[in-house]
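Enquirer: Pasting a structure below so you can have a look.
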Amino acid sequence: MGVPIRREGGPIGVLFVSSDRKAHFTTNDEYLLETLVGQFSAGFSWGRRLIGPMDEVEEAISRLFDLDRILDELCKEIKGKLGFDYVAVQLIRPVERTLETVWGTDGADWVGVKHSMNADEDLRDIQVDVARSHPRRIEVVHGWDRRFDRWIYHRFGHENYVRAWVPMVLVRGESGSIDEDWWQRCHWREGVPKPRPDGGWRFTLELEDIEDYPPRSYLLGTVEAGYTDPQRRITLDDARKLADLASEGALRVRKAQLPGVLETIAEGVRRILDANAASLHFAYNEDRKLFAYEVTAGKGRLRFYHHNDPGHHGLWQQAIREERPRFMPDESRGETDQDVEFLVPNLFRQGIRAIAAFPFMADEHQSVLYVYFETPHRFTEDELRWVESFVRRAERAVRDATRVLQSRDQARLLVNLHEIARSLITDPESPDLPRNIAGYVASILGADVVTIYEYFANERRFTKPTVVGRLLDKEKVQVSPSSKDAIQFRVIDNSRPVYAETVREEAIFHRTHPGDFIDRESIRSTIAYPLTMHSREMMGVMFINYRTRHQFTKDEKEILVPTLAASAAMAIQVARSHRRVKRDLERREGWEKASERVDKAIADGAADFQRVLEVILEEAMKITGATSGYFFRYRWQGILDLVAQKGLPEGGRDFSQTLETGIIGLAARTLIPQFVPDVMASEWKGIYHEIVPETRAEIAVPLVDEAGLWGVLNVESPESGAFDRDDLAVLERFARQAMISVHEKILQSNLERQARPLHFLNVIASRIQDPRHDSDTILRLLLTGVTSGAGLRFSRAMLFLMDEEGKRIEGKMAIGSQSQKEANLIWERFAAKENDLKDSNQNSLEFFLDEAEQFSEKLKKGEGDDSPFNQAVKGIPPIVANKTEGALTQCIREDKSIVVKDGQLDPFRTLLKENNVFADYDGTFACVPLIGKGRTLGALVVDYQFLRRNWEIDAIALRHLEVHAGMITMAIENSRLRDRMEKEREATWRYFARQTAHSIGNRISQIEGPIFRLQGICEEHTEKASLLENLEAGVEETKALLTRFRDVIRPSEPQLKEIELGALLASIKKENHDRLEMEEMQLSIQTPEQPVNLMGDKHLLLDAFAELIKNAREAMELESVDKRRIIIRVSQEEVGKSHVRIDVVNPGQGVPDELKQRIFEPFHHGHGKGESRGLGLAIIKESIEAHGGEPSRKQVNRVTMPAFRSVFP
């Protein structure tokens, strides 16, 4: 029996069956054979339909192998056409939701770096920010940008880069297919350039004329290109051309990616069923409720993307649950065409009348393949069976494709792992090694934050973490865990890695609290991995954190993360070994150099005991790497005084503590060194006493000599575990050596202290011999020697003197500060000045003495204010010597030095407090008597108040004070002797002058008689009469001069009248005109525009100014000045607006300084030449002082007088 085999085009063959029996075949057999042939024909047709699409799928998969070649060609094309130094391509991984740098030319060494696409806007990397920009944006940047990954920026040296990022955009046309020349119709609009504070700059361009939201456009990734030379610029035109090349390259890149394969599968199914459209939705993300990939094929493709809300994914979920296709309408379920409208109304409105959903499972990715018909369609068993067969083969093809992608990813991972290995081998000494490991871990795994804690098992403590990634709260992360219940300790105790896809659901994280790292940084998934070496030694803990839920793959758990953890553990071990070797070497070298520097400081005569202590402390800190340190000196009553410090905050540098306080007190009390790697550890709770808030580690070593406890050397660090036992050992050794040096310096200092007064007393003695100094200046110089750093170094000195009768004691003078604030200001000023003096090799004592002289001069002129402390001492009411008790009166009565100790009650201390001299001061002070010839003149009182160093007034200090007090006594007695001699000298010359004036008066009287007689004789002789008149005029002038001479001897009250100064000076000029003209000398007068009036005696003032002009003339004649001129200048006196200053100025050398002191004494003249008798300047002085004025000793040709009406504004 034969049955024809037919297809649509006609018969293609015959099926024959035969039998050896007659009439074997029946009509029923013929029907069965025809049915069998029909099925064969149908199967052959379906098989032919499947072969073409599967071939196309295989071809699409083969294109995946071309991706590296396409990327390489794209990068080289961009680099060649635009001249950039480097080009790199970043592609989006939709499943992992990361953006990864997958390819780059030379100079792009960060291939393999990943960044999360789900990061919040404030935490995005710049590449992600460009990728997620709407409208699409190009960015060009030079310099730092907060969106840069800081580790990558510094690791790969991006500081000088000029960089551009452009999006790789794909655009779909109205039909839903890819538009292959869309960029030629769009425009990139320039944004506003923004300069950066670091000298960098940034500008952007935004895409116009394109609908840039899915599904009309979507992003493959970004292209980065730029220059390594900071002087190069990327122009707007360069950026636009780069965007065009990136968009053109995106078309080629897409064909070599998984979406190209998925799109081929969707189109194949559509053709197999002769459907209107198909879509494949791949890799469902439960958290985002979205698929990683969506591709469509056929008619009206845009309808089926999730952005257009097709509303048909319920079919897929049902198909997954039932593990078979789900189609509509399904007559076996009693569904009709109307049910399509009810179940998928959105698609029904867009013309879909039948739909089928096929589960698509590839590597645990839940996916679905849809087929759409715009006309009613009934799905047959054959259709469903053959499509399922194609889907199964397509699933295997996609699995193969993903394995290709994984192998390519592993190749990039190997590159980064190679970089890690290279860092461990070639750069083990780098302090950034753990940070680089953490950076590579974050880049390889696409983590948001990676933290690595180093662990010291023998001390059971962690260091501060190494952190890479963007943080919401940087400060709180940089803290080493102290609580033994902290998650870091729980991971160590657990000893197994924890992969927490949902952190809060893992038991090990249940004891974390709100506000901890997980909560602060919004961590959803994390890996907590203990870092061990050789499965035994615990090196630390590494946390790999994600802010979005992360599903950890088998490869990550079994290969990648363990490999990275081993690298991190090895990095810690390498760094620890290197630190240990380096620290041992540094300790040996440091201890030797430290001892040398201490010995040098002791040998340096300029270094005092305080400086030696500071050098010891500095070297102890260098040896141990400490950031702060203290030197405490033990004194009586169980008190430790701070004598040297480094690193203390302002305001905490002057304090003491007891032996019961803190770790320092514990070391002093037990005489046992205290090693504290973590002051916050539970065993130190209740013992540790905070001095510097940042301190986390501390070592305290007691200093002991033959007498017992001498003090404590203490060093601290803000890092827990900063010190180890080796630090303790070397510090103990150094402390023993330091004690020998301390005692040597104490002995040397005592010798220097005994010799120092001889030096500075010699310097002061030469100063006080200056005849220009009055008694106050001399006393101030002597007190400066008591208080200056180059002298006795007391902080304050007070001078109290007895009156002439020896009954009352009054405050004479004081030097020092009245408050801590005032003392601080003085110390800061003098400390800066002392540094300048050291740099210029000048003597500091000379500087302080100069300051004292200048201050005294200002006080005499009224140009400066007296110090509050001096005013307070001088304001103390007179003390009755024989009725007042206390250290001062006892010192004076008994002629011996008295020392009042700390806290000791004393009436004199009370008196000083009541008068605001000792403001809340209960410290030690001393009173030293001023023992003169025949009686005690007073006392010198000193203290160390406000001094930053805790010094004692010991026997050496008292001896120095007594020597200085003797110098002060001598100065006071010399001053008083000079005053008595001055008075006796003045009385002598006045007596002599009165006798002389009397004799001259007698001679004038004798002359007047003959003149009277001659008047009658010469009346008739005109010529003789004129001669007689001249003689009479001369006699009258001589009588006037005699009257003025008597006034000098016995000054009388001037006859004061209002005088206009300008007119007075003009009359003087007129009187001297002939004489000046004869001597070829010019006289000019300079006065203010407004008149200056004085209340004065015209005759006295005429004589005074005439004498000043005469002195000027004689001075120029003696010095043989060529161009002789005199200027009289009237101006405002600086002291006040109510005084005028008159200067008589002439060229010449002026009066020598050594003669100015005695220039106004009668009968004294400096040059000893000519006919001068030394009365001129004495007359000037008497006349000017009689008018309330004052002649200047410094400038002999200057006088100051009060104005009757102030003319100065």
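The values are calculated or read from the model by the stated rules, or taken from the named source; none is laboratory data. All values derive from a computational prediction rather than experimental measurement. Cβ sites come from the backbone with ideal geometry, for glycine too, and all protein chains shown count toward neighbours.
Enquirer: Restricting the search to the stretch 439-465, which residues are farther than 22 Å from Glu556 by Cα, of a type outside the set (Phe, Trp, Tyr) and at pLDDT 85 or above?
Expert: Hits for the stretch 439-465 are Glu454, Pro465.
Enquirer: Kindly indicate the residue of the stretch 409-438 that is modelled with pLDDT under 70 and of a type in the set (Lys, Arg) and also surrounded by the fewest Cβ atoms within 10 Å (Cβ to Cβ) among those meeting that condition.
Expert: Arg422
Enquirer: While we're on this one: Contact list please: Cβ distance under 8 Å, first residue in the stretch 469-485 and surrounded by fewer than 16 Cβ atoms within 10 Å (Cβ to Cβ), second residue among the aromatic types (Phe, Trp, Tyr), pairs at least six apart or on different chains.
Expert: Note: pairs meeting the criteria are Lys476/Phe517; Ser483/Phe489.
Enquirer: Scan the stretch 134-153 and tell me whether some residue there is without any contact (Cβ under 8 Å) to a residue 12 or more places away in the chain and closer than 30 Å to Leu302 by Cβ.
Expert: No.
Enquirer: Tell me the residue from His134, His142 that is over 13 Å from Glu224 (Cβ atoms) and within 31 Å of the chain's Cα centre (by Cα), please.
Expert: His142 is the lone residue from the list that is over 13 Å from Glu224 (Cβ atoms) and within 31 Å of the chain's Cα centre (by Cα).
Enquirer: For the stretch 697-714, how many residues are crowded, with 23+ Cβ neighbours inside 10 Å and either hydroxyl-bearing (Ser, Thr, Tyr) or farther than 12 Å from Leu640 by Cβ (or both)?
Expert: 4
Enquirer: Separate question: Got a sec? Which of Asp363, Asp337 is at pLDDT below 85 and of a type in the set (Asp, Glu)?
Expert: Every option except Asp363 fails the conditions.
Enquirer: Mind listing whichever residues of the stretch 671-694 are over 21 Å from Pro649 (Cβ atoms) and without any contact (Cβ under 8 Å) to a residue 12 or more places away in the chain?
Expert: Glu683, Lys685, Gly686
Enquirer: Specify the residue that is farthest from Leu262 (Cα to Cα); the eligible residues are those in the stretch 295-338 that are part of a strand (DSSP E or B) and of a type outside the set (Phe, Trp, Tyr).
Expert: Here the answer is Met328.
Enquirer: Would you confirm whether any residue within the stretch 284-294 is assigned to a loop (DSSP other than H, G, I, E, B), among the basic types (Lys, Arg) and not assigned by TED's automatic domain parsing to the domain that holds Thr548?
Expert: Yes, the stretch 284-294 contains a residue that is assigned to a loop (DSSP other than H, G, I, E, B), among the basic types (Lys, Arg) and not assigned by TED's automatic domain parsing to the domain that holds Thr548.
Enquirer: I would also like to ask the following. Among the residues of the stretch 1-43, how many are at pLDDT 75 or above and either of a type in the set (A, V, I, L, M, F, W, C) or under 60 Å from the mean Cα position of the chain (by Cα) (or both)?
Expert: 12
Enquirer: Say whether the condition of being buried (at least 21 other Cβ atoms within 10 Å of the Cβ) and at pLDDT below 80 is met by at least one residue in the stretch 613-624.
Expert: Yes, the conditions are met somewhere in the stretch 613-624.
Enquirer: Please go through the stretch 262-283 and give me each residue that is closer than 21 Å to Gly52 by Cβ and either outside any helix (DSSP H, G or I) or among the aromatic types (Phe, Trp, Tyr) (or both), ordered by number.
Expert: Asp274, Ala275, Asn276, Ala277, Ala278, Ser279, Leu280
Enquirer: Go through Pro230, Pro197, Pro259, Pro215 for me and flag whichever is under 42 Å from the mean Cα position of the chain (by Cα), surrounded by 14 or more Cβ atoms within 10 Å (Cβ to Cβ) and not in a strand (DSSP E or B).
Expert: After applying the criteria, what remains is Pro230.
Enquirer: Do you know which residues across the stretch 896-911 are within 20 Å of Leu958 (Cα to Cα) and among the polar types (S, T, N, Q)?
Expert: Scanning the stretch 896-911 gives Ser897, Gln904.
Enquirer: Which residues, counting only those in the stretch 956-1000, are surrounded by 13 or more Cβ atoms within 10 Å (Cβ to Cβ), among the polar types (S, T, N, Q) and at pLDDT below 80?
Expert: Thr996
Enquirer: Can you tell me which residue within the stretch 1076-1088, out of those that are more than 16 Å from Leu1102 (Cα to Cα) and of a type outside the set (S, T, N, Q), is nearest to the chain's Cα centre (by Cα)?
Expert: Pro1088
Enquirer: Can I ask one more? Being under 37 Å from the mean Cα position of the chain (by Cα), surrounded by fewer than 21 Cβ atoms within 10 Å (Cβ to Cβ) and assigned to a helix (DSSP H, G or I) is the requirement here; does Asp122 meet it?
Expert: The answer is yes for Asp122.
Enquirer: Here is a follow-up. Filter the stretch 86-102 down to the residues that are among the hydrophobic types (A, V, I, L, M, F, W, C) and surrounded by fewer than 24 Cβ atoms within 10 Å (Cβ to Cβ), then identify the one that is farthest from the chain's Cα centre (by Cα).
Expert: Among them, the one singled out is Val95.
Enquirer: Residues of the stretch 551-561 being of a type outside the set (Lys, Arg), touching a residue at least 24 places away in the same chain (Cβ under 8 Å) and in a helix (DSSP H, G or I), which ones?
Expert: Selection gives Asp555, Glu556, Leu560, Val561.
Enquirer: Only one of (1) over 39 Å from the mean Cα position of the chain (by Cα); (2) modelled with pLDDT under 90 fails for Leu242. Which number is that?
Expert: (2)
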